[in-house]
């Protein structure tokens with residue numbers, strides 16, 4: 001081989017290598033696409049756009065660019081339209097057709113500065129310009145008439161968007177552009193529903209600060225995405241593509257029936273508002289006490305709502321956090337990620353009108369000797385505590401109970417006190433809702449030895465509602481109602497109890513010569529599932545001890561590990577105990593009740609502290625629950641109690657919250673976006 005030949009071959013190899021290196025940089029044709037442009041009725045979380053994209057993908061790339069509050073004027077003015085045109089122009093040659101769905105009208109109406117447009121001139125001109133520019137960028141525009149609002153006058157749907165829909169139709173005809181007449185189709189769909197049925201399509205139930213008759217919840221998004229997809233397939237045959245299967249919209253729960261991830265919307269027998277209307281106190285340190293601490297805010301007198309500008313672990317070093325000043329809301333949802341976790345502490349509520357939300361309570365054994373004493377509840381109400389709501393909190397590793405409603409059994413013990421006096425002197429009108437209650441420590445520091453317990457409702461406690469909680473791997477007391485207690489358990493999921501799920505027990509030796517009181521318990525829509533630690537035959541409800549209890553049962557289910565039914569009721573009393581039928585459930589008014597059969601699927605994702613921002617411990621427990629491997633434990637599973645670390649920080653912005661309810665203005669579905 002000559003030198004010249006070798007040089008030529010080397011040159012060819014070099015060119016080939018350069019071409020190979022360049023190949024990945026050559027843009028590949030993009031698949032067909034659909035871009036959604038519009039207002040909040042199409043936007044993520046408040047509209048149908050994401051649900052529509054779920055139906056169109058993967059046959060199309062579907063990108064939802066709709067933004068709440070925008071009009072044909074403001075969408076362009078804010079640069080949103082130009083950003084889309086840039087994306088369209090950048091699509092490689094040979095790409096599939098890009099379709100641009102344009103839907104405006106709501107915010108073009110009068111009375112919206114910076115957004116309103118003239119119906120006869122600006123609005124149609126703006127739409128025509130969108131059509132022309134989309135075509136010039138190589139896309140196929142599709143006009144969509146505005147989604148109807150859902151307010152009725154009498155028995156007729158109020159059509160206040162008709163003129164704007166008519167203007168869209170005229171532009172579509174003049175510009176020879178495909179039209180999806182969503183306004184007419186949605187009017188036809190909503191009219192037969194009536195006002196109550198139409199309200200089921202909203203983002204929140206009536207009475208909630210987020211409720212309106214414009215924006216959409218999960219069911220509304222499903223219904224209207226389905227409607228648009230059908231209309232789109234007829235208007236643009238190229239978009240009649242294979243659909244990704246989606247749930248039947250009839251099975252998507254309206255907001256009035258869903259378990260909530262955020263608000264304390266089931267208050268039970270109490271009407272408390274906690275500290276609403278009072279001062280806003282900011283927690284600025286994770287220190288156990290001192291200025292800016294949680295303890296300092298709790299101890300401040302007067303109505304108050306506690307918010308957090310720090311996130312992390314508060315270590316009480318084995319102490320007790322007592323709440324003695326009434327009219328208090330503690331809003332753990334306001335903390336920056338990872339939220340607030342209290343460790344090595346017992347929290348006791350000894351007052352009235354208290355609302356606690358989105359906190360984690362983890363007392364723990366922290367390596368102390370077995371039966372060495374110093375046992376702690378995660379949280380308990382005590383004394384004559386009343387009108388207390390504990391909602392969306394996580395409780396684990398209690399060394400007494402995880403969560404309890406307690407207090408004196410017989411008031412002050414005077415001879416002239418009546419049973420009504422006893423009830424007023426102990427916990428009453430208490431609601432525990434949407435909590436995750438798990439892994440009460442079994443053989444830990446409690447002086448009695450084994451003590452893995454979920455919830456204790458003490459003797460004569462009254463008006464206690466346990467609603468929508470998940471109990472996992474507590475050996476007993478899931479929950480225990482003691483002598484004379486009166487309350488209800490509704491829509492609770494109980495998994496892997498050891499030997500007792502729900503039970504009632506009046507212990508004669510504790511009552512002495514006092515007359516036994518009849519307990520009252522309504523069990524409605526609860527589900528028990530045995531686990532690896534559950535004794536065979538464990539029933540949903542067990543009667544122990546002595547004394548009568550009035551019991552109402554409705555729509556409860558109980559299964560062993562193989563899915564076979566187990567008894568709902570077991571009698572294990574002394575012979576002095578009796579179950580008395582309670583013909584009608586004794587429940588607070590307005591309680592939302594789901595079928596027991598759906599709890600395992602619907603409830604775990606909604607309970608506990610900050611479902612949108614779970615910590616590793618709650619995530620691990622829920623994964624164990626889903627996999628059927630949850631177990632009763634003697635000590636905190638690795639890695640144990642979370643370490644104290646420097647706090648995360650974020651200033652509290654009152655404009656981001658409905659202060660009276662401490663609900664995010666963006667809605668709970670988008671709380672992770674709160675600045």
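All of the numbers you see were taken from the coordinates with simple rules; none came from a lab. Everything quoted here is computed from the prediction, not taken from an experiment. Glycine also receives a Cβ, built like all others from the backbone with ideal geometry; neighbour counts cover every protein chain displayed.
Remark: spin-label model distance residue 112-residue 337 equals 3.2 nm, labels positioned 7 Å along the Cα→Cβ axis. In this calculation the C-beta distance from residue 82 to residue 271 is compared with R0 = 56 Å, giving a FRET efficiency of 0.60. As I understand it, the value is the acute angle between the Cα axis of helix 122-136 and the longest principal axis of the Cα atoms of the chain; what does it come to in degrees, rounded to 10? Approximately 70 degrees, to the nearest 10. Suppose we keep just the DSSP beta bridges with both residues in the chain; what percent of those would be antiparallel, to 5? Of those bridges, close to 5 percent are antiparallel. Can you classify the chain as rounded, prolate or oblate using the Cα gyration tensor, where a ≥ b ≥ c are the square roots of its eigenvalues, rounded means a/c under 1.5, and otherwise it's prolate if a/b beats b/c and oblate if not? It comes out prolate by the Cα gyration axes. Extension gain for the segment residue 257 to residue 230, taken as residue separation times 0.36 nm less the Cα-Cα distance, is 7.0 nm to one decimal. Among 117, 381, a tally of other beta-carbon atoms within 10 Å of each Cβ gives an order, fewest to most, of 117, 381. Cβ-Cβ distance of residue 619 and residue 166, R₀ of 51 Å, FRET efficiency by 1/(1 + (r/R0)^6): the value works out to about 0.50. Shown for 104, 652: other C-beta atoms within 10 Å of each C-beta, ranked fewest to most, produce the order 652, 104. Exposure proxy shown here: for 35, 75, 48, the number of other Cβ atoms within 10 Å sets the order, fewest to most, as 35, 75, 48. Let me make sure I get this right: for segment 303-451, a, b and c are the square roots of the gyration tensor eigenvalues over alpha carbons, sorted descending. Under 1.5 in a/c it's rounded, otherwise prolate if a/b > b/c, else oblate. Which is it? Oblate.
Taking 0.36 nm per residue of separation and subtracting the current Cα-Cα distance, fully stretching the chain between residue 320 and residue 158 would add 52.6 nm.
Calculated mean residue ellipticity, 222 nm, the chain: -6000 deg cm²/dmol, from DSSP H runs (n ≥ 4) at -39500 (n - 2.57) each, averaged per residue and rounded to 500. Based on C-alpha pairs under 8 angstrom that are at least 6 apart in sequence, the chain has a relative contact order of 9 percent.
Of all beta bridges that DSSP places with both ends in segment 30-251, some 10 percent have antiparallel geometry. The calculated FRET efficiency for residue 645 paired with residue 443, based on their beta-carbon distance and R0 = 35 Å, is about 0.75. Over segment 462-579, Cα pairs under 8 Å with separation of 6+ residues give a relative contact order of 25 percent. For segment 162-320, just say rounded, prolate or oblate: build the C-alpha gyration tensor, square-root its eigenvalues into a ≥ b ≥ c, call rounded for a/c under 1.5, and beyond that prolate if a/b exceeds b/c, oblate if not. Note, shape of segment 162-320 comes out prolate. When you restrict to C-alpha pairs under 8 Å that are six or more residues apart and normalise by the size of segment 30-251, the relative contact order lands at 23 percent. Here the simple spin-label model places points 7 Å from the Cα toward Cβ, and for residue 586 and residue 173 these points are separated by 6.8 nm. Maximal additional length on extending the residue 562-residue 282 stretch stands at 95.8 nm, based on 0.36 nm per residue less the C-alpha distance.
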